[in-house]
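Undergrad: Sharing a structure below in C-alpha cells format, with a few things to ask.
The values are calculated or read from the model by the stated rules, or taken from the named source; none is laboratory data. Note that the coordinates shown come from a computational prediction; the quantities given were computed from them, not determined experimentally. Cβ coordinates were reconstructed from backbone atoms using ideal geometry, including for glycine residues, and neighbour counts include every protein chain displayed. What goes into the accessible areas is simple: the full protein's heavy atoms, side chains included, and nothing from ligands, DNA or RNA. Shrake-Rupley method; radii C 1.70, N 1.55, O 1.52, S 1.80 Å.
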Amino acid sequence: MTTSYLLSEIVARLGGQILGNAKVRITQIATLEAACSDQISFLTNSKYRGQLANTKAGAVILSGADADATDLPRIISDNPYAYFAKVSALLNPLPEVRPGIHPTATIGSGAQIDATACIAAMAVIGEMAKIGPQSMIGEGCCIGENVIIGSHARLYPRVVIYHDCVVGNNLIAHSGVVIGADGFGVALDQGCWIKIPQIGRVVIGDDVEIGANTTIDRGALSDTVIEDGVKLDNQIQVAHNVRIGAHTAIAGCVGIAGSTTIGRHCRIGGSAGILGHLHIADHVEIASFTLIGKSIREAGSYVGIFPFSKAEDWRKNSVHLRHMDELAGRIKKLEQQLKSLGTETLNSE
Amino acid sequence: MTTSYLLSEIVARLGGQILGNAKVRITQIATLEAACSDQISFLTNSKYRGQLANTKAGAVILSGADADATDLPRIISDNPYAYFAKVSALLNPLPEVRPGIHPTATIGSGAQIDATACIAAMAVIGEMAKIGPQSMIGEGCCIGENVIIGSHARLYPRVVIYHDCVVGNNLIAHSGVVIGADGFGVALDQGCWIKIPQIGRVVIGDDVEIGANTTIDRGALSDTVIEDGVKLDNQIQVAHNVRIGAHTAIAGCVGIAGSTTIGRHCRIGGSAGILGHLHIADHVEIASFTLIGKSIREAGSYVGIFPFSKAEDWRKNSVHLRHMDELAGRIKKLEQQLKSLGTETLNSE
Amino acid sequence: MTTSYLLSEIVARLGGQILGNAKVRITQIATLEAACSDQISFLTNSKYRGQLANTKAGAVILSGADADATDLPRIISDNPYAYFAKVSALLNPLPEVRPGIHPTATIGSGAQIDATACIAAMAVIGEMAKIGPQSMIGEGCCIGENVIIGSHARLYPRVVIYHDCVVGNNLIAHSGVVIGADGFGVALDQGCWIKIPQIGRVVIGDDVEIGANTTIDRGALSDTVIEDGVKLDNQIQVAHNVRIGAHTAIAGCVGIAGSTTIGRHCRIGGSAGILGHLHIADHVEIASFTLIGKSIREAGSYVGIFPFSKAEDWRKNSVHLRHMDELAGRIKKLEQQLKSLGTETLNSE
C-alpha cells in the first residue's frame, strides 16, 4: 500500500539525471544517517560529503559537483534540496480529501460548498461563505459569513476565519490559526480607550501556508494583505493593514506591527519584530531576535542581536551599556587632551 | 440597508461643530486618500494637512487648529481621532446578538443563561455558569463550571474560559483566547518538577478587550486580575497573579511573568517583556522589544532596544559587547596615564 | 464537602516532622498574609521570617533552620516549597474523571478508548487512535488518526494532536495546545518556496505539562521528542526535530528553532530564543529574553539581555552601539599614541 517509485520513474516525473542503477525501488526519503536500502537520501552541502561513505541509502540526490563522491545510484540535480522536497512530496502524498459534509457540521444559509470539498466534524460554515473545489475544512473550524476560500485549501482542525475575508487557492492553515480578528485599534478619550471598528478584511493570495496559532488581523479601514507564496511559521502575529510581499518566508514568533509593508522574497528569522508604518524592501533578510525600528530601503541582511555570555561576564559587561555616552565622551576628551599634550610637547609631530 | 447619517445627525449624537454643508449624507469612514463623496475622513495630525487638497471625501473631521485647511464640509473636534472612532462605531455597528441557544450547543446543569444572550453552535457552557444579558458566546467556545460573564460580552469563536473565572461587562475576547489555564507553578523535588495546584481565578473588570490567542493564567493561590478598560492585543501571555491596572494598553506578543503588578494608564509596546514580582507605576510607557528586569517607580518612557544594522556592521560592532568591561578599564587606565603624564610634563596645566 | 486534614494526617502521608499541636484541622493552603486559622501556610525563604509574626495561619511549613521562628503548629521539611506543593495537591485534588463518551463527541472507526477514559462534548477522536485509562479528552479536542495517548492524561478544551503522534502517561495539555502540526520546512525553487512534507511525529514522554497555546511541530524526517518530566509554559514554539531533555522547564513565549537539542534539567526563561541545529548541555540556565546563537557545552547560567533605561538615556547611549568598532579602534589608537608619547617624553618611565 506504500507508495513506491523506481529511480527512473522519479526522474521521468521530476527531471534530473540518473547515474548508476535506474531500477532501484524507493519507498521513502531519509537522512544519509538513517536511510535504508529502499530509501533515497540527499546531499545538499558538499561539507557533508563524508557521510556518503557510510550511508545505507539505496540512492542519493546530489549536485553535479558531488556526482563523483559516491558510487551509489544517484540523481543529479541543480538544486538537490528542492529536488528532495519534490521526491518527498511524491512519496508522501497528502491523504485524499473525502468529499462531503460531516453530519455534525453546521452550514449557514446561502453557503456555497463545492461538491468536491470536505467539511469535517464540528465545523461551522457561516452564511453566504464559499468553499472551493477539493478544499478541506478541518474539524471544529469556524468560517465566518461571506468568507471566500479557493480550491485545494487544507484547513487543519480549529482554524478560525472571520467574516468577509478572502483566501486564494492552495491555502494550508494549521490548527489554531486565526484570520481576520480585529486589529488593535483604540483611541484615547479622556484617559479611557475607545474601540475603533476594524472594517477592513484579510485578503490572502495563492499558495500561502500559515503555521499553528498564527494570527492575522483584519484591516482597520482598508485590508491586510498576504500575497502569493508567502510562508508563515507558527505563532506569528500580523497586525492590521500589514502587507507581506509575495514569496516572503517568516519564521516562528515574529511580530509585525500595523500598516507595515514587507517586500517580496524577504526572509525573517524567528522572534524578530518589525515596528509599524515601515517599508521593508524586497530581498531583505532579517536575523532572528532583531527589532526593525525603521524602514529598510535596500536589499541585504540586517541584524540586531545582543550577544549572550556567561551570567557573570554579562553582569560585568552590560553595566557599561547604560554609560555608553559617558564612555564615548571620555574617549573624545582623551583624544583632545592627547592632541593638545602632543602639540605642546612634540611640536615636530 | 447600509447605515447612513447626515453630518447634522452625527453632530447631534457625538457633539462637535459643523462648518459647511450640514446636509451631507455619510455612509462610511475612510482615509483621506481612499474616501469617496459619501464618506467622511479625518485629519489627526497637522503634518498631513497637504492630503486635504486631494481628498474626495464628502466631509472631514479635524481639530480647530486645522479648521481653515479645507473648504470641505467638516466637523471640528478637540480630539479628532477619538471622534473618528465614534463616527466609525456609529456607521459600523456590530451585528445584533440573536438571542437563543443553538441546538448543537451543550449546556451544563444549573447554568443560567440570560434570555437575551446568544450561545452559538458547538459552544459548551459548564455547570452553574452564568451568562449575562446581550452576551454572545461564539461558535465552539468552552465556558467552564461556575464562570460568571457579565452583560454585552462578545466572545468570538473558540474562546476558552476555565472554571470559576469572573468577567465583567462588555468583554470582547477574540478567537483562541484562553482565560484561566493553570499558571506555570512547579517545585523542584529531588531533580524532578512537581506541580503546584493553581487554585486562584482570573478576575476581569468591565470594558476589557483581549486579542486573538492571548492567554491569561489563573492565580496560584490568589487571583490574576485585569482591571477595567484594559486593552490587550494578540498573543500576549499574562502569567499567574499578575495584576494589570485600569486603562492600560498592551500590544501584541508581550509576556508578563508571574506576580507582577502593572499600573494604570500604562502603554506597553509589542514583544516587550516584564519579569516576575515587579511593580510598574501608573502612566509608564515601555517600548517594543524591551525587557523590564526591575520595578519602575516613576511614570515615564523606558526603552531597552538593541539597534539593528547591516549584518557586516553588526558583526564588527557586536563583538566588542563581550569586552565592554575591558574597554572601560582601558579608558580608565588611559585617563590615569594621561593624568600622570600631564602632571609630569606640564606642571603649568 | 471540602477536603480537610489534620496536621498529623498530612505528615502521615507526606513525611516531615510536626512541632506543636498535631490536631489542627487544615482545609486550604494560603500565603502567610492571606491565611486564616483553618489554613496552612509556608515559609520558603528565611528572608520573609518577619511575616510569621503577623500571620493568622493555623499552621506553617518551614525548614529546620526556621523551626524556632514561630510558635505556631508547624511542619518541618527539608524542602518546604516542594512540601507546600504536595500539601496543596492533597487539599486540591483534580476533579475525578467521569468515564464515558459524551453523545456529541465523534469517534473514528477503530479507535480504542479505555472504559475509564472520558471523552468530553464536541471532541473528535481519529481513526485507530488509542486513549489510555483515566485519561480525559476535553471539550472540542481533536485527536488525529493513530495517535496514542497513555493513562491519566488531562487535555483541556480545544487541544489538537495531529495524526500518528505518541504521548506517554500523565500528560497535562492546556487549551489551545497544538501538537504535531507541520514543521516549517520549505525549499527554494526558482524564487518560490516549495513545501517539504513533514513525515516525522511528535513523541512525548511521561509526566509532561504543556501550557496554553504552546505549539510543538512534528519532525521533518525523524521525530520531535519531548522527554519525561518536561514542563512547558504557555505560548512556547518548539520547531521540528527539536529534542528537549528530561526534567527541563521552559517559561512562556520561548521559541526553539529546528533540530536543536536541549539537555536535561535545564531552565529557560521567558521569551528566550534558541537558534536551530544547536546543542545545549544538561543543567544549563538561560535568562529571559536571551537569544542563544551557538551551542552551549558547559552547565551554567547564560544571559544576553540588553538593559533598559529611561528613553532619553537610551537614545544617548544606544547610538554608540552602531560605532563600537570605531570606539574600540580609537581606544587602541590612544593607547598607541600614549605609549609612543610616553616613550618619547618620559624615557625614564
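Undergrad: Counting partner chain Cβ atoms within 10 Å of every residue's Cβ in C:330-340, what's the average?
TA: 6
Undergrad: Apply the Karplus parameterisation 6.51 cos²θ - 1.76 cosθ + 1.60, with θ equal to phi minus 60°, to every residue of segment A:297-303 and state each ³J(HN,Hα) to the nearest whole Hz, in sequence, with x for glycine and proline.
TA: 9, 10, 4, x, 10, 10, 9
Undergrad: Could you identify which residue out of A:ARG201, A:ARG315, A:ARG264 has the top mean-square fluctuation in a GNM of chain A using Cα springs shorter than 10 Å?
TA: The residue that fluctuates most here is A:ARG315.
Undergrad: Please list, in chain and number order, the residues 5+ apart from A:ILE280 or on another chain whose amide H is under 5 Å from its amide H, with Hs placed from the backbone.
TA: So A:ILE280 has HN proximity to A:THR261, A:ILE262, A:GLY263, A:ILE296.
Undergrad: What nm value, rounded to one decimal, do you get for the distance between C:GLU145 and C:GLU96 when each label is placed 7 Å out toward the C-beta?
TA: About 3.8 nm, to one decimal.
Undergrad: How do C:ARG322, A:ARG98 rank by accessible surface area computed with a 1.4 Å probe, from largest to smallest? Before the final figure, lay out the partial values.
TA: Values: C:ARG322 90, A:ARG98 150 Å².
Sorted by accessible area, descending: A:ARG98, C:ARG322.
Undergrad: What are the residues whose amide H is under 5 Å from the amide H of B:LEU32, where those residues sit 5 or more places off or on another chain and H is modelled from the backbone?
TA: So B:LEU32 has HN proximity to B:PHE42.
Undergrad: Further, regarding this structure: Could you name every residue in segment C:221-238 that has 30 Å² or more less accessible surface in the full protein assembly than in its own chain alone (probe 1.4 Å, ligands and nucleic acids excluded)?
TA: The answer is C:LEU221, C:LYS231, C:ASP233, C:ASN234, C:GLN235, C:GLN237.
Undergrad: Report the FRET efficiency, 1/(1 + (r/R0)^6), for C:GLN17 and B:LYS23, where r is their Cβ-Cβ distance and R0 is 60 Å, rounded to 0.05.
TA: Numbers: r = 86 Å, r/R0 = 1.44.
Efficiency computed from Cβ-Cβ geometry: 0.10.
Undergrad: Which value, in Å², gives the accessible area per residue of chain A when a 1.4 Å probe is used on the protein heavy atoms?
TA: Working: 13710 Å² over 349 residues.
Roughly 39 Å² per residue, with all protein chains present.
Undergrad: Sticking with this structure for a sec: Out of the trypsin sites (Lys or Arg not before Pro) in segment A:3-75, which ones are loop residues according to DSSP with at most 15 other C-beta atoms within 10 Å? Before the final figure, lay out the partial values.
TA: Working: sites: A:ARG13, A:LYS23, A:ARG25, A:LYS47, A:ARG49, A:LYS56, A:ARG74; in loops: A:LYS23, A:LYS56.
The qualifying sites are A:LYS23, A:LYS56.
Undergrad: Quick one: buried accessible area between A and B, total over both chains, 1.4 angstrom probe, nearest 100 Å²? Let's see the in-between values first.
TA: Working: alone 19490 and 19470 Å², together 33070 Å².
Adding both sides of the contact gives about 5900 Å².
Undergrad: List, shortest first and in nm to one decimal, how far the label point of B:LEU94 (7 Å from Cα along Cα→Cβ) is from its counterparts in the other copies.
TA: When each copy's label point is compared with this one, the spacings are 3.4, 3.4 nm.
Undergrad: Step through the table entries A:LYS294/B:LYS316; A:LYS339/B:LYS333; A:LYS195/C:LYS310; B:LYS316/C:LYS316; A:LYS339/C:LYS332, compare each Cα-Cα distance with 24 Å, and write down the pairs that go over it. List each step's numbers first, then the result.
TA: Values: A:LYS294/B:LYS316 21 Å; A:LYS339/B:LYS333 17 Å; A:LYS195/C:LYS310 30 Å; B:LYS316/C:LYS316 21 Å; A:LYS339/C:LYS332 15 Å.
Going by Cα-Cα distance, A:LYS195/C:LYS310 fall outside the 24 Å limit.
Undergrad: Further question on the same structure: About the Cα centre, and with charges only on the beta carbon of Lys, Arg (+1) and Asp, Glu (-1), how big is the dipole of segment B:206-330? Nearest 20 debye, please. Don't skip to the end; give the middle numbers.
TA: Values: 12 positive and 15 negative charges, 119 e Å.
The calculated dipole for segment B:206-330 is roughly 580 debye.
Undergrad: Looking at segment A:96-125, which residues lose a minimum of 30 Å² of accessible area between their chain alone and all protein chains in place, measuring with a 1.4 Å probe and not counting ligands or nucleic acids?
TA: Correct list: A:ARG98, A:THR106, A:MET122, A:VAL124.
Undergrad: If one computes the Cα centroid of segment C:1-78 and of segment B:256-295, what distance in Å separates the two points?
TA: The distance from the Cα centre of segment C:1-78 to that of segment B:256-295 comes to 34 Å.
Undergrad: Suppose a student asked you for the relative contact order of segment B:259-307, using Cα pairs under 8 Å spaced at least 6 residues apart; what percent would you report?
TA: Values: 114 pairs, mean separation 17.1, N = 49.
Taking the mean separation of contacting Cα pairs over the length of segment B:259-307, I get 35 percent.
Undergrad: Based on the Cβ-Cβ distance of B:GLN336 and B:LEU6, what FRET efficiency does E = 1/(1 + (r/R0)^6) give at R0 = 51 Å, to the nearest 0.05? Walk me through the numbers on the way to the answer.
TA: Details: r = 78 Å, r/R0 = 1.53.
The formula returns an efficiency of 0.05 here.
Undergrad: To the nearest whole number, what is the average tally of beta carbon atoms from other chains within 10 Å of the beta carbons of peptide C:264-272?
TA: Working: counts 1, 4, 0, 2, 0, 6, 12, 15, 4.
Taking the mean over all residues of the peptide, I get 5.
Undergrad: For segment C:206-349, give the percent of accessible area contributed by carbon and sulfur heavy atoms, probe 1.4 Å, rounded to a whole number.
TA: Values: 2520 of 5280 Å².
Taking all protein chains in place, segment C:206-349 shows 48 percent carbon and sulfur surface.
Undergrad: Here is a further query. Would you mind giving the mean number of other chain beta-carbons within 10 Å of the Cβ of each residue in C:281-287, as a whole number? Don't skip to the end; give the middle numbers.
TA: Working: counts 0, 0, 0, 0, 1, 2, 6.
That works out to 1 on average.
Undergrad: Enumerate the aspartates and glutamates that C:LYS130 could reach by cross-link, defined here as Cα to Cα under 13 Å, with residues fewer than 8 away along the same chain left out.
TA: Partners within reach: C:ASP114, C:GLU145, C:ASP164.
Undergrad: So which helices of chain C fit the span-like rule, where a helix is a whole DSSP H run, its Cα atoms reach 30 Å or more along the axis, and its mean Kyte-Doolittle is at least -1.0?
TA: Working: long enough: C:324-345 (31 Å, -0.76).
Those that pass (Cα extent of 30 Å or more, hydropathy at least -1.0) are C:324-345.
Undergrad: Rounded, prolate or oblate: pick one for the protein assembly as shown, where a ≥ b ≥ c are the square roots of the eigenvalues of its C-alpha gyration tensor, a/c under 1.5 means rounded, and failing that, prolate if a/b is larger than b/c, else oblate.
TA: Numbers: a/c = 1.15, a/b = 1.15, b/c = 1.00.
Here the protein assembly as shown falls in the rounded category.
Undergrad: Percent relative contact order of chain B, based on C-alpha pairs within less than 8 angstrom and at least six residues apart?
TA: Values: 942 pairs, mean separation 21.7, N = 349.
Averaging sequence separation for qualifying contacts and normalising by length gives 6 percent for chain B.
Undergrad: Go ahead and estimate [θ] at 222 nm for chain C from helices alone: -39,500 (n - 2.57) per DSSP H run with n ≥ 4, summed, over the residue count, rounded to 500. It would help to have the intermediate numbers written out before the result.
TA: Working: 4 runs with 50 residues, N = 349.
Only helices count here, giving -4500 deg cm²/dmol.
Undergrad: What percentages make up the Cα-Cα pair-distance distribution of chain B when the bins are 10 Å wide from 0?
TA: Spelled out bin by bin, chain B gives 5, 18, 19, 22, 17, 9, 5, 3, 1, 0 percent.
Undergrad: So what is Rg over Rh here for segment C:16-55, counting just Cα atoms and using Kirkwood for Rh?
TA: On the way: Rg = 10.7 Å, Rh = 11.1 Å.
Result: Rg/Rh = 0.96.
Undergrad: Debye sum, Cα scatterers, segment C:214-349, no solvent: what log₁₀ I/I(0) at q = 0.10, 0.17, 0.19 1/Å?
TA: Once normalised to I(0) and log-transformed, intensities are -0.50, -0.87, -0.99.
Undergrad: In nm to one decimal, list the spacings between the B:GLU145 label point and its equivalents in the other copies, with label points set 7 Å along Cα to Cβ, shortest first.
TA: Output for B:GLU145: 3.7, 3.7 nm, nearest copy listed first.
Undergrad: Now a separate question. Could you pull the copy-to-copy label distances for A:ASP71, with points set 7 Å along Cα to Cβ, in nm to one decimal and sorted shortest first?
TA: With the label placed 7 Å along Cα→Cβ, A:ASP71 yields 9.1, 9.1 nm.
Undergrad: Whole-Hz Karplus ³J(HN,Hα) for segment C:61-67, in order, using 6.51 cos²θ - 1.76 cosθ + 1.60 and θ = phi - 60°, x for Gly and Pro?
TA: After applying 6.51 cos²θ - 1.76 cosθ + 1.60, I find 9, 8, 7, x, 4, 9, 4 Hz.
Undergrad: Residue of B with Cβ nearest the axis relating B to C, plus distance in whole Å?
TA: B:PHE306, 2
Undergrad: Give me the one-decimal Kirkwood hydrodynamic radius in Å for segment C:68-198, with the sum taken over alpha-carbon pairs.
TA: Values: mean 1/r = 0.0584 Å⁻¹.
Kirkwood radius, segment C:68-198: 17.1 Å.
Undergrad: Considering only protein heavy atoms and a probe of 1.4 Å, how much of the accessible area of segment B:92-159 is carbon and sulfur, as a whole percent? All intermediate terms of the calculation are to be shown ahead of the outcome.
TA: Details: 1560 of 2720 Å².
Looking at segment B:92-159 in its full context, I get 58 percent from C and S.
Undergrad: Then there's this: What ranking do A:85-93, B:145-153 get when scored by the average of other Cβ atoms within 10 Å per residue, highest first?
TA: Numbers: A:85-93: 19.1, B:145-153: 21.0.
Highest-to-lowest ranking by the protection proxy: B:145-153, A:85-93.
Undergrad: Please turn the phi angles of segment A:168-175 into ³J(HN,Hα) values with the Karplus equation 6.51 cos²θ - 1.76 cosθ + 1.60 (θ = phi - 60°), one per residue in order, whole Hz, x for glycine and proline.
TA: Running phi through 6.51 cos²θ - 1.76 cosθ + 1.60 with θ = phi - 60° gives x, 8, 6, 4, 10, 10, 8, 4 Hz.
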